[in-house]
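The values are calculated or read from the model by the stated rules, or taken from the named source; none is laboratory data. Note that the structure is a prediction, hence the values are computed from the model and not measured. In this analysis, Cβ positions are derived from the backbone assuming ideal geometry, glycine residues included, and neighbour counts consider all displayed protein chains.
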Amino acid sequence: MWNITIFASGNGSNAENIFNYFKNSKLIRIGLVITDNPKAFVIERCRRQSVPCLVLSQRLLDDSDFMLGVLRDFRTNFVALAGYIKLIPEYIVTAFDHRIVNIHPSLLPKHGGKGMYGKRVHQSVIDSNDKESGITIHFIDNDYDRGPTIFQAKCPVLPNDTADTLAERVHALEYEHYPKIIEDTIIKVLGQ
C-alpha cells in the first residue's frame with residue numbers, strides 16, 4: 001500500500017479530487033494532508049472526507065527531525081503537492097527523491113518560478129500572447145517549478161480570455177489528469 005501525504009495551502013479542490021479518485025483504491029491511500037495556512041479551505045475538505053490534516057508552522061516544517069517523524073508516523077512513501085506555494089524543505093526532497101510530484105497551471109518551463117501561482121500564471125500567459133496553456137505535472141527539486149516533467153496537457157488560449165476564463169479550462173485539465181498521473185507514476189516509475 002502506498003500512503004500519499006498531500007501538501008496544500010489553499011482551497012483544496014485538487015486535494016479533494018485526489019481523495020475521491022483514491023477513495024476505493026486497494027493500492028494507494030491518502031494518509032495525511034499538511035498545510036501551512038490555518039485558514040485554508042483544504043482543512044474543511046479534509047474534515048468532510050475524514051482525512052487527517054495537520055496545520056504546521058514554518059518552524060515545524062523546517063524541523064527535519066519533527067517532520068520526518070510525522071511522515072514516518074503516517075507511513076508516507078509518496079508526496080503530492082496540491083496548491084502548495086512554498087518550497088518543500090530540501091531534507092524532504094532528499095528523503096523522497098523522485099517521490100514528490102507537483103502540478104503547475106502552465107506549460108513549464110514557461111510561466112513558472114517563485115511567485116507564479118494562481119491567476120498570476122494565467123495573466124502571464126495572456127500577457128505573453130501565448131496560443132496555448134495547460135498543466136505540467138513534474139517531480140520537484142530544490143527550486144520552484146524546475147523538476148523533471150512527467151506529463152503535460154494543453155488547452156487553447158482564446159482571444160477574449162481573462163485570467164478567470166483561462167483558469168477554468170486549466171482547472172478542468174488538473175482535475176482530469178492529476179490523480180491518474182499520480183497513480184501511473186507510482187505504478188510505472190516506482191513499482192507496486
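Find the residue count for segment 128-168, including only residues that are assigned to a strand (DSSP E or B) and within 17 Å of the chain's Cα centre (by Cα).
Residues meeting the conditions: 11.
Can F78 be described as in contact with a Lys or Arg (Cβ under 7 Å, 6 or more places away or on another chain) and more than 15 Å from P148 (Cα to Cα)?
yes
If you check V33 against the conditions, is it at pLDDT 95 or above, surrounded by 14 or more Cβ atoms within 10 Å (Cβ to Cβ) and in a loop (DSSP other than H, G, I, E, B)?
no
In segment 131-143, which residues are surrounded by fewer than 16 Cβ atoms within 10 Å (Cβ to Cβ) and at pLDDT below 95?
N142, D143 - these are the residues of segment 131-143 that are surrounded by fewer than 16 Cβ atoms within 10 Å (Cβ to Cβ) and at pLDDT below 95.
Any residue in segment 177-187 that is at pLDDT below 95 and over 16 Å from the mean Cα position of the chain (by Cα)?
Yes; the residues of segment 177-187 include at least one that is at pLDDT below 95 and over 16 Å from the mean Cα position of the chain (by Cα).
If we keep just the residues of segment 49-60 that are of a type outside the set (S, T, N, Q) and touching an Asp or Glu at 6+ places or on another chain (Cβ under 8 Å), which is surrounded by the fewest Cβ atoms within 10 Å (Cβ to Cβ)?
Step by step, filter segment 49-60, then rank; the result is V55.
Quick check on my filter: what residues within segment 36-47 are part of a helix (DSSP H, G or I) and touching a helix residue (DSSP H, G or I) at 6+ places or on another chain (Cβ under 7 Å)?
V42, R45 - these are the residues of segment 36-47 that are part of a helix (DSSP H, G or I) and touching a helix residue (DSSP H, G or I) at 6+ places or on another chain (Cβ under 7 Å).
Can you name every residue in segment 144-166 that is without any contact (Cβ under 8 Å) to a residue 24 or more places away in the chain and surrounded by 13 or more Cβ atoms within 10 Å (Cβ to Cβ)?
Within segment 144-166, C155, T165 qualify.
May I ask you to list the residues in segment 1-30 that are assigned to a loop (DSSP other than H, G, I, E, B), surrounded by fewer than 21 Cβ atoms within 10 Å (Cβ to Cβ) and of a type in the set (G, A, S)?
Of everything in segment 1-30, those that are assigned to a loop (DSSP other than H, G, I, E, B), surrounded by fewer than 21 Cβ atoms within 10 Å (Cβ to Cβ) and of a type in the set (G, A, S) turn out to be S9, G10, S25.
List the number of the failed condition for P159; all other conditions in (1) out of contact with any Ser or Thr (no Cβ under 6 Å at 6 or more places or on another chain); (2) assigned by TED's automatic domain parsing to the domain that holds D62 hold.
Failing condition for P159: (2).
So, N11, is that one at pLDDT 95 or above, under 15 Å from the mean Cα position of the chain (by Cα) and either assigned by TED's automatic domain parsing to the domain that holds L71 or closer than 22 Å to G118 by Cα (or both) or not?
Considered against the rule, which asks whether it is at pLDDT 95 or above, under 15 Å from the mean Cα position of the chain (by Cα) and either assigned by TED's automatic domain parsing to the domain that holds L71 or closer than 22 Å to G118 by Cα (or both), N11 comes out as no.
Rundown of residues vs (1) in contact (Cβ under 8 Å) with a residue 60 or more places away in the chain; (2) not polar (S, T, N, Q), yes/no style:
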| residue | (1), (2) |
| --- | --- |
| F7 | yes, yes |
| L27 | yes, yes |
| G31 | no, yes |
| F41 | no, yes |
| P52 | no, yes |
| S64 | no, no |
| D73 | no, yes |
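Check H122 against each of (1) part of a loop (DSSP other than H, G, I, E, B); (2) buried (at least 19 other Cβ atoms within 10 Å of the Cβ); (3) not β-branched (V, I, T) and name the one condition it does not meet.
Among (1) part of a loop (DSSP other than H, G, I, E, B); (2) buried (at least 19 other Cβ atoms within 10 Å of the Cβ); (3) not β-branched (V, I, T), the lone unmet condition for H122 is (1).
Here's the yes/no breakdown for (1) more than 24 Å from V33 (Cβ to Cβ); (2) in the same structural domain as I4 (by TED's automatic domain parsing); (3) surrounded by 14 or more Cβ atoms within 10 Å (Cβ to Cβ):
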position: L81; (1), (2), (3): no, yes, yes
position: H111; (1), (2), (3): yes, no, yes
position: Y117; (1), (2), (3): no, no, yes
position: N129; (1), (2), (3): yes, no, no
position: E168; (1), (2), (3): yes, no, no
position: E176; (1), (2), (3): no, no, no
